[in-house]
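Have a look at the structure below before the remarks.
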Amino acid sequence: RVRVRAWLSRVGKSTQHETTPHRHHLIRASNSSGMGSFRGLPSNEQTALLAGALTAHFRAGEIIFREGDPAGGVYFLRSGRVQIGLRLPDGQDQVLGVAKVGDTVGDLAALDGGPRTATAIALEPTVADYVSREMFEMGLSAAPRAALRLLRTMAGRLRQTDQLIGELIG
């Protein structure tokens, strides 16, 4: 987090402080090729989405962010798998899904600025390109096809969530 803020201050961008209890290791500026649902976009849109990306490494079992944490950036998974889950009102943990190479994690909070809606935990050693919230918004404004794909992805997640709610209620 300190390195991200230092880097952002050098490029003239400010960021909200994420207050997650973990520490991930930001190594270097990224040159990702694992764009998942964004694969096949024109190169200028891929470049716009990953502008300023930093590479983050997570150990198996490491929490990337927790449900309720302040909004932060988006993680584009380059390797590994990440479990997405939340805590139900009765205290039970509910796994919502597993993100894999090419998926994004954290995009909802990055888009609306609200708190994280789920907890993300690396299931195995994982490498991701981290793009700050501000840079992600700028990237989407310069990449209309990517924005449309993200909307479709989020619509699919909403459908899955609706189905889960129906199962939990019924």
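The values are calculated or read from the model by the stated rules, or taken from the named source; none is laboratory data. Nothing here was measured: the structure is a model prediction, and the numbers come from that model. FYI the Cβ positions are ideal-geometry reconstructions off the backbone, even for glycines, and counts take in every protein chain you see. Side chains are part of the model used for accessible areas, which takes the heavy atoms of the whole protein and leaves out ligands, DNA and RNA. Shrake-Rupley method; radii C 1.70, N 1.55, O 1.52, S 1.80 Å.
Worth pointing out:
- For the range 107-170, a/c is not less than 1.5, where a ≥ b ≥ c are the root eigenvalues of the C-alpha gyration tensor, and a/b does not top b/c. That puts it in the oblate class.
- Stretch gain in nm, segment residue 101-residue 142, where the contour uses 0.36 nm per residue and the Cα spacing is subtracted: 12.4 nm
- Å² per residue, accessible surface of the range 61-159 at 1.4 Å: 46
- Inter-site label distance for residue 60 and residue 164 at 7 Å from Cα along Cβ, in nm: 2.4
- Exposure check, 1.4 Å probe, all protein chains in place: residue 132 carries approximately 10 Å² of accessible surface.
- Efficiency of FRET from Cβ geometry, residue 153 and residue 67, R₀ 30 Å, rounded to 0.05: 0.90
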